[in-house]
Amino acid sequence: MAASTKQVCQVSNQMSPTRRPARIPTEQETHGRRGRSITDDDANAINRVEELSYDLKVHEVMTASLKIASPEMPLSQVLEILRVNRISGVPVVKDNELIGILSLEDIVHAMQKNELSAPVSAYMTRKLVTVASYDSIVSAIQKFSDSRLGRLPVVDENYKLVGMITKGDITRGILIALQKDYKEEEVRRYRASHLFEDIISDRTTLVLRYNIKAQDFTHGGNASSHIKRALLRLGADPQIARRCGIAVYEAEINLIIHTTHGGILKLEVESHRITMSTIDDGPGIPDIEQVLQAGYSTATEQVREMGFGAGMGLVNIKRCVDKMDIESTVGKGTKLTMRIHVPTENFTGRKEE
Amino acid sequence: MNLRKIIKLSDGFLLTPDLDTDIEINGGYGADLMSDVLAFSQPNSLLLTGLTNPQVVRTAQMAEFHAIIFVRGKQPQAETLLIANQEGIPLITSPFGMFELSGRLHKAGLPSFESNESN
Ligand SMILES: Nc1ncnc2c1ncn2[C@@H]1O[C@H](COP(=O)(O)OP(=O)(O)O)[C@@H](O)[C@H]1O
Ligand SMILES: [Mg+2]
């Protein structure tokens, strides 16, 4: 690419001269893994966008088809390249090697001096900030904010130019990845909702079981949240999913409060009904009639502080489900069963004959 | 009413800056008793509450609230923030008390989403 006659071309795959360091250190080598050590709690707190900025690599979002300039090229010609391609800068390459970058700003400087016929080499920026193609985009974001530059050349491990990256490329890359996430949820939902159609048996039951720890209020409701999501994925009507969610959540809280060593929360889905149950090894209920009365509660201060304990839980459950059943033995434990009938088309897409 | 407008009206501080606040809120519901929230709220509304534990977010998720405002400047526990981010439910803290804030939002046109009939 020595000749300046060739204005625009793809960067060749030839290796660059070895004057440059053979390979620039990766962000991991420089800063350690992901630049800092991450505890489990940190890891949970990282949201999806942050996660993606670590997962996505620069080469996945950069622009690979490159417009480049040679140092001998007159600025007016580069201006034309920028205009036609609607870009704001190009890397300058000589003998396959990245030697500088020329931005619209540099051209404006030349314009002010009426020097558009000057060669690229006279106005290009030689101080190069590059980003490695195999780094995660978080390192590019870091470089954008440190350097205040709008576009960065991307080089491979041999310091050969392989593309350019802008902030816009990063935003677009993250949005596409998020959209893919969203589509994956759609696909999951689609697959799950065909479960009862695709698997033929005389009676298909999907059973989900969750082990619940005693007194673990911090995670109270996690299992119910999973159950609600599962029902929606299986194609349950949103109103039915809401009723199930509310009922099973009240039941999960009761389970956490009353079980002695831990208990089980179970969801059973059949094509025509949903059954949820809790089983605990708590003190049992001496008088079931009594606990079913609105307002009856033996809840502790701790439970009340969380917003429960007004004696409304079982009443709520009963209102949400079609059938509620309590079996309890004092000193042994309690089993609560909740059942909701669903129109068959909910889970199979077909109406019942 | 747009959530951004609600944040303004409530002098609120958004505790979950990563979550979208350009969302439509159809009504409001205020309570400190989670069983009441589960029983008497309607979906797609805003929850005003003085409680800040993780159960508030789980309750909001089950009852399908779009956002939660903590009244009287209360700050949530770390776990509460975590679950809210996970489930995509924006959390806001407002210096106003429950009565004052309900009044302001209602006056600005946000209807009550409290139903007399339970769910
Ligand atoms: N699994 C259980 N084991 C023992 N007692 C229970 C259980 N579930 C409910 N109870 C009793 O029933 C009462 C009412 O429960 P509930 O209607 O959920 O109201 P709350 O939980 O607000 O007290 C509880 O306070 C408790 O005394
Ligand atoms: Mg209860």
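One table, with the values for the structure above:
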quantity: Strands (runs of 3 or more DSSP E) lying entirely in segment B:9-119 (those with 3 or more residues that are touching a Gly at 6+ places or on another chain (Cβ under 9 Å)); calculated: B:46-49
quantity: Scan of segment A:267-285 for residues that are more than 9 Å from ligand 1 (Cβ to nearest atom) and more than 16 Å from A:Ala251 (Cβ to Cβ), ordered by number; calculated: A:Val269, A:Glu270, A:Ser271, A:His272, A:Arg273
quantity: Qualifying residue in segment A:192-208 (condition: part of a helix (DSSP H, G or I) and open to solvent by 80 Å² or more (accessible area, probe 1.4 Å)); calculated: yes
quantity: Condition check for A:Leu149: open to solvent by 50 Å² or more (accessible area, probe 1.4 Å), more than 27 Å from A:Glu270 (Cβ to Cβ) and modelled with pLDDT of 80 or more; calculated: yes
quantity: Positions within segment A:317-344 being basic (Lys, Arg), more than 14 Å from chain B (Cβ to nearest Cβ) and within 16 Å of ligand 2 (Cβ to nearest atom), in sequence order; calculated: A:Lys335
quantity: Residue within segment A:222-236 that is part of a helix (DSSP H, G or I), within 13 Å of ligand 1 (Cβ to nearest atom) and open to solvent by 10 Å² or more (accessible area, probe 1.4 Å) present; calculated: no
quantity: Hey, A:Gly333 on the phi > 0 side of the Ramachandran plot and modelled with pLDDT of 95 or more or not; calculated: yes
quantity: Exclusive hit being over 30 Å from A:Ile256 (Cβ atoms), of a type in the set (Lys, Arg) and outside the structural domain of A:Val303 (by TED's automatic domain parsing), set A:Arg188, A:Arg126; calculated: A:Arg126
quantity: Test: residue in segment B:26-35 that is away from every other protein chain (no Cβ under 13 Å) and open to solvent by 40 Å² or more (accessible area, probe 1.4 Å); calculated: yes
quantity: Residue within segment A:158-168 that is of a type outside the set (A, V, I, L, M, F, W, C), in a strand (DSSP E or B) and either without any contact (Cβ under 8 Å) to a residue 60 or more places away in the chain or surrounded by 15 or more Cβ atoms within 10 Å (Cβ to Cβ) (or both) present; calculated: yes
quantity: Subset of segment A:213-268 that is hydroxyl-bearing (Ser, Thr, Tyr) and either more than 14 Å from chain B (Cβ to nearest Cβ) or farther than 23 Å from B:Glu79 by Cα (or both) - its residue that is farthest from ligand 2 (Cβ to nearest atom); calculated: A:Thr260
quantity: Contacts under 8 angstrom Cβ, first residue in segment A:247-273 being at positive phi and in contact (Cβ under 8 Å) with a residue 40 or more places away in the chain, partner more than 11 Å from ligand 1 (Cβ to nearest atom) and in a loop (DSSP other than H, G, I, E, B), 6 or more apart; calculated: A:Gly262/A:Lys213; A:Gly262/A:Ala214
quantity: Residue check for A:Lys143: under 19 Å from A:Gln77 (Cβ atoms) and assigned by TED's automatic domain parsing to the domain that holds A:Ile81; calculated: no
quantity: Helices (runs of 4 or more DSSP H) contained in segment A:51-150 and holding at least 2 residues over 28 Å from the mean Cα position of the chain (by Cα); calculated: A:75-85, A:104-112, A:120-123
quantity: Residue within segment A:297-305 that is β-branched (Val, Ile, Thr) and under 16 Å from A:Thr337 (Cα atoms) present; calculated: no
quantity: Unique match (being in the same structural domain as A:Thr337 (by TED's automatic domain parsing), open to solvent by 80 Å² or more (accessible area, probe 1.4 Å) and not in a loop (DSSP other than H, G, I, E, B)) among A:Gln239, A:Gln215, A:Gln179; calculated: A:Gln239
quantity: Candidate set: segment A:315-339, residues that are more than 9 Å from ligand 1 (Cβ to nearest atom) and assigned to a strand (DSSP E or B); chosen: the one surrounded by the most Cβ atoms within 10 Å (Cβ to Cβ); calculated: A:Met338
quantity: Residues that are near ligand 1 (Cβ under 8 Å from one of its atoms) and either buried (at least 20 other Cβ atoms within 10 Å of the Cβ) or in contact (Cβ under 8 Å) with a residue 60 or more places away in the chain (or both), drawn from segment A:305-314; calculated: A:Phe308, A:Gly309, A:Met312, A:Gly313, A:Leu314
quantity: Odd one out for A:Tyr296, checked against (1) in contact (Cβ under 8 Å) with a residue 12 or more places away in the chain; (2) within 14 Å of chain B (Cβ to nearest Cβ); (3) within 10 Å of ligand 1 (Cβ to nearest atom); (4) touching an Asp or Glu at 6+ places or on another chain (Cβ under 9 Å); calculated: (4)
quantity: Conditions (1) away from chain A (no Cβ under 11 Å); (2) more than 30 Å from A:Gly295 (Cβ to Cβ); (3) of a type outside the set (Gly, Ala, Ser); number of the one not met by B:Leu48; calculated: (2)
quantity: Output for segment A:276-314, where each listed residue is away from ligand 2 (no atom under 15 Å from the Cβ) and either in a helix (DSSP H, G or I) or not assigned by TED's automatic domain parsing to the domain that holds A:Gly220 (or both); calculated: A:Glu289
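The values are calculated or read from the model by the stated rules, or taken from the named source; none is laboratory data. The model shown is predicted, which means the values in this text are computed figures rather than measured ones. Neighbour counts are summed over all protein chains in view; Cβ atoms, including those assigned to glycine, are modelled from backbone coordinates with ideal geometry. When the accessible area is computed, the model is the full protein with side chains, heavy atoms only, and any ligands, DNA or RNA have been set aside. Shrake-Rupley method; radii C 1.70, N 1.55, O 1.52, S 1.80 Å.
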